[in-house]
Amino acid sequence: MNKTWNNKAWFMVLPVLFLVAISAIIPLMTVVNYSVQDTFGNNEFFWAGAEWFEEMLTSDRFWAAMGRNLLFSGIVLLIEIPLGILIALNMPKSGWGVPVCLVLMALPLLIPWNVVGTIWQVFGRVDIGLLGYALREVGVDYNYVSDPFDAWVTVIVMDVWHWTSLVVLLCYAGLVSIPDAYYQAAKIDGASRWAVFRYIQLPKMNRVLLIAVLLRFMDSFMIYTEPFVVTGGGPGNSTTFLSIDLVKMAVGQFDIGPAAAMSIIYFLIILLLSWVFYTVMTNYDAASDGERRDG
Amino acid sequence: MARIDLDHIRHAYMAKPQSPSDYALKEVHHTFEDGGAYALLGPSGCGKTTLLNIISGLVRSSEGRILFDGNDVTPLSTQERNIAQVFQFPVIYDTMTVYDNLAFPLRNRGVSEPDVDRKVREILSMIDLDSWSDRKARGLTADQKQKISLGRGLVRSDVNAILFDEPLTVIDPHMKWVLRTQLKQLHQRFGHTMVYVTHDQTEALTFADQVVVMFEGEIVQIGTPAELFERPKHTFVGYFIGSPGMNVLPMELAGGSARVGSNEISLFAPPASVPSGKLELGIRPEFVRIGREGMPATITKVEDIGRHRIVRAQLEGYEVAAIVDEDADLPAEPRLLFDPAGINLYADNWRVETAQ
C-alpha cells in the first residue's frame, strides 16, 4: 500500500508534546536531577552519582516499606476479589433491586479519599467512634492508635469498604452480559451451582476480573491518603507504606536526594507493573481473537 | 424418546391475565408423536419459542398439562424432564475441550467414566469432530460450536426429545444446508422426537414431516409441507408460506361461483355450507395464469428471479402476483385466469371446507 508521507503532521503533535512536557517530563527530569545530586541548602548542589540509589536499595527502611506494601496489596486482593465476586453473584439481575444495589455499591467509590480516611479515623476511635467504642464495650481490646495489628486491620477493612464495590461493579457487568441461553443449557445439562460458576460465570468474568485484579493491585500499591489520615503511618512504622515514607523523607526530613531516588525506583516499579498489565491484556486479547471472529 | 402431549396449554407472561390478548400463547392442544420431526414455524413473537420453553421446562405454563409418554411432567424441572435443547446462539463451555463439553452432561449425571468415554467417542464421530476432541472449544467456528451443542443432547441416549430454537440463525448459508442434512440423517438413524423452531419456511419445510404454523399465540395449521402449500387453513399460512405469498382478494359468493369486483370466477367445488363473515378468495401466484383470456388487468411490475418471473398486476384495484415462466409471453392487454384447483375460500380468515 502506498502511503503519502507528510511530515507537516508532526507539527500537529507539538501542542500535546508541549503539555506533556510541562506536566510530566519536566517534573520527572527535575526528580532525576535531584536523585543524582546532594545539597546542603543554600541552593548549592554536588554530584552524587548513583549514591542515593545504592543507599535506597540497600536500606532496610525502604525494603520494610516495600514489604508492607506488598503484604497490604496481597491481603487486599485476597479479600476484595472473592468478596466482590460473591456480592456480584448475589446481586439481583432485574427489577427495582438493580438500581438500588448499583447506587449502594457506587457510594463508597464517590467519596473523596481523604474523607474516607477521616470517616474511618473517627469511626474507629475508642472514645467517640461508633466502631471503636462498640468494640471496647463488647470486650475487644481494640485501639488502632497504639496496636499495630489493630491499625492494620483498620486500614485493610477501610480499603475493603472503599474498593470492593469496584470489583463488584466490574464483575456484575461481566455477569449480566452472559446470555440466558447459557444458564438454560446448563440446566438442561444438569450442571450443579458450582459447575455453573466454574464453567460459565468465571470464564465469562475472566476479562473483567483481570482488569479488577490489576487495578486493585496498582491502586493499593500506591495507597497514601487513607492510611495517612487514619494512622499517619503508625503506630511506629507499622503502617508506613512506600508513598507515606516517601513523603516523610522528602517533605518531613527534606532529604531531597534519597527521596528523589526512591521516587524513581517507585516510578519504575509502577512502570513495570503497567507493562505487565499491558502485556497480559494484549496476550489475552490475541488468545481470544479466534473466538470473537466466529462470533 | 417420547410422545409429547400438550394438554390445553396456555401461557401469559403477566401475573393475572385478563383478556385473551394477554396470553403470549393461546390455547394449544396438540400431540407430538414419538419419533416425529416437527417444525414450529411462525413470525417473531408468535409464541413458538415460548411453546418450546414450556416443553423443555424452562418456562412453566400458566395453565394446562404436559405429558411425556402419558406421564404428567408439568411440575418437573428441566433436568428431570430429560430433554435436550439447542439454542439460537451456540452455547459451549469455552474453557473446556470439545471432549469435555460432550462429556459434561453425562458426568453431571454421575455416569461412569468408561461409559462416558464410549458415548463421547461415538458422538464425536457422528458429528465429524473426531480430530478436534482435545481442542479447546473456544476457537471453533460457529457451525462446529452448534454441532457441539447438538452433541451434548445426543450423548444422553435416553433423552425424551431434542428441541431446536432457531439453531441455524448464525450459521453461514452453505453450512446451513450441510447441518440440516446431517440433522435429518441423525433423525432417521436415532428416531428422536425433534421439535424445531424457525421463522424460515425453507428450513421448516425441508426438516419436518409435520409443520406447525403459529400466528399470534395460536396454532393455525398443522400439516405436511404439501398441505400447507395447497390448502392453507388460514390466510396467514397462505401469506407466510410461499414466495411470494398467496393472493387474498375480497369476494362475494354468487351461486356456484365467486365474484371479485365485476368478474365471475368459477370454483372447482362449491363450499360445503354457506359461510358467514368476511369472505375472501385465496390463490397462490403459481395458479394465476396470464394470457389473452380472462379478467382484464394491468401489469405494474415484473421481477426476474432467475428461472421464473414474478408479475405484479392490478385486478379491480387489488394487487395480484403471478409466477410465470422466464420465456412466457406477456400480452399488451393482459388478462388473468385463476386455476380453479388452486382456489381456496376464506371466511373471517379461516378456510371454508369445500363440498367434496
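Quick notes on this one:
- Test: residue in segment B:255-264 that is in a strand (DSSP E or B) and of a type in the set (A, V, I, L, M): yes
- Flag for B:Ala24 being hydrophobic (A, V, I, L, M, F, W, C) and either more than 25 Å from A:Ala186 (Cβ to Cβ) or out of contact with any Ser or Thr (no Cβ under 8 Å at 6 or more places or on another chain) (or both): no
- Counted residues, segment B:290-310 - those being exposed (fewer than 13 other Cβ atoms within 10 Å of the Cβ) and not in a strand (DSSP E or B): 5
- B:Gly238 vs. criteria outside any strand (DSSP E or B) and surrounded by 14 or more Cβ atoms within 10 Å (Cβ to Cβ): yes
- Subset of segment A:176-208 that is of a type in the set (Val, Ile, Thr) and within 9 Å of another protein chain (Cβ to nearest Cβ) - its residue that is surrounded by the most Cβ atoms within 10 Å (Cβ to Cβ): A:Ile188
- Screening segment B:94-105 for residues that are within 18 Å of B:Asp117 (Cβ to Cβ) and within 7 Å of chain A (Cβ to nearest Cβ) and picking the one that is nearest to the chain's Cα centre (by Cα) gives B:Pro105.
- Single unsatisfied condition, A:Val160 versus (1) in a helix (DSSP H, G or I); (2) buried (at least 21 other Cβ atoms within 10 Å of the Cβ): (2)
- Selection status of B:His187, touching a residue at least 60 places away in the same chain (Cβ under 8 Å), crowded, with 18+ Cβ neighbours inside 10 Å and assigned to a loop (DSSP other than H, G, I, E, B): no
- Filtered by the rule that a residue be surrounded by 16 or more Cβ atoms within 10 Å (Cβ to Cβ) and assigned to a strand (DSSP E or B), segment B:34-77 gives B:Ala37, B:Tyr38, B:Ala39, B:Leu40, B:Leu41, B:Gly64, B:Ile66, B:Leu67, B:Phe68.
- Among (1) part of a helix (DSSP H, G or I); (2) more than 25 Å from A:Val229 (Cβ to Cβ), the one test that A:Gly74 misses: (2)
- Within segment B:301-314, residues that are more than 20 Å from B:Leu249 (Cβ to Cβ) reach partners that are among the charged types (D, E, K, R) and surrounded by fewer than 16 Cβ atoms within 10 Å (Cβ to Cβ) with beta carbons closer than 7 Å, at six or more positions or on different chains, in the pairs B:Arg307/B:Glu326; B:His308/B:Asp325; B:His308/B:Glu326; B:Arg309/B:Glu303; B:Arg309/B:Glu326.
- Options A:Tyr199, A:Tyr142; residue that is assigned to a loop (DSSP other than H, G, I, E, B) and over 19 Å from A:Pro92 (Cβ atoms): A:Tyr142
- Among the residues of this structure, A:Leu175 counts as one that is part of a helix (DSSP H, G or I), of a type in the set (A, V, I, L, M) and over 24 Å from A:Trp113 (Cβ atoms).
- Residue, farthest from the other protein chains (Cβ to nearest Cβ), within segment B:29-78, restricted to residues that are without any contact (Cβ under 8 Å) to a residue 40 or more places away in the chain and hydrophobic (A, V, I, L, M, F, W, C): B:Val73
- Yes/no for B:Ile222 being assigned to a strand (DSSP E or B) and surrounded by fewer than 23 Cβ atoms within 10 Å (Cβ to Cβ): yes
- When segment A:116-134 is filtered for residues that are assigned to a helix (DSSP H, G or I), within 15 Å of A:Val153 (Cα to Cα) and in contact (Cβ under 8 Å) with a residue 12 or more places away in the chain, the ones remaining, listed by number, are A:Gly117, A:Trp120, A:Gln121, A:Gly132.
- Pairing residues of segment A:28-41 that are under 10 Å from A:Gly257 (Cβ atoms) with residues that are at pLDDT 85 or above and not in a helix (DSSP H, G or I), at Cβ distances under 9 Å and at least 6 apart in sequence or on separate chains, gives no pairs at all.
- Single residue of B:Asp165, B:Asp158, B:Asp143, B:Asp172 found to be within 12 Å of chain A (Cβ to nearest Cβ) and within 29 Å of B:Leu67 (Cβ to Cβ): B:Asp165
- In segment B:311-356, residue farthest from B:Leu279 (Cα to Cα) [restricted to those that are surrounded by 14 or more Cβ atoms within 10 Å (Cβ to Cβ) and touching a helix residue (DSSP H, G or I) at 6+ places or on another chain (Cβ under 7 Å)]: B:Ile323
The values are calculated or read from the model by the stated rules, or taken from the named source; none is laboratory data. These numbers come from a predicted model, not from an experiment. Reconstructed Cβ throughout: ideal geometry from the backbone, glycine too, with neighbour counts over all protein chains shown.
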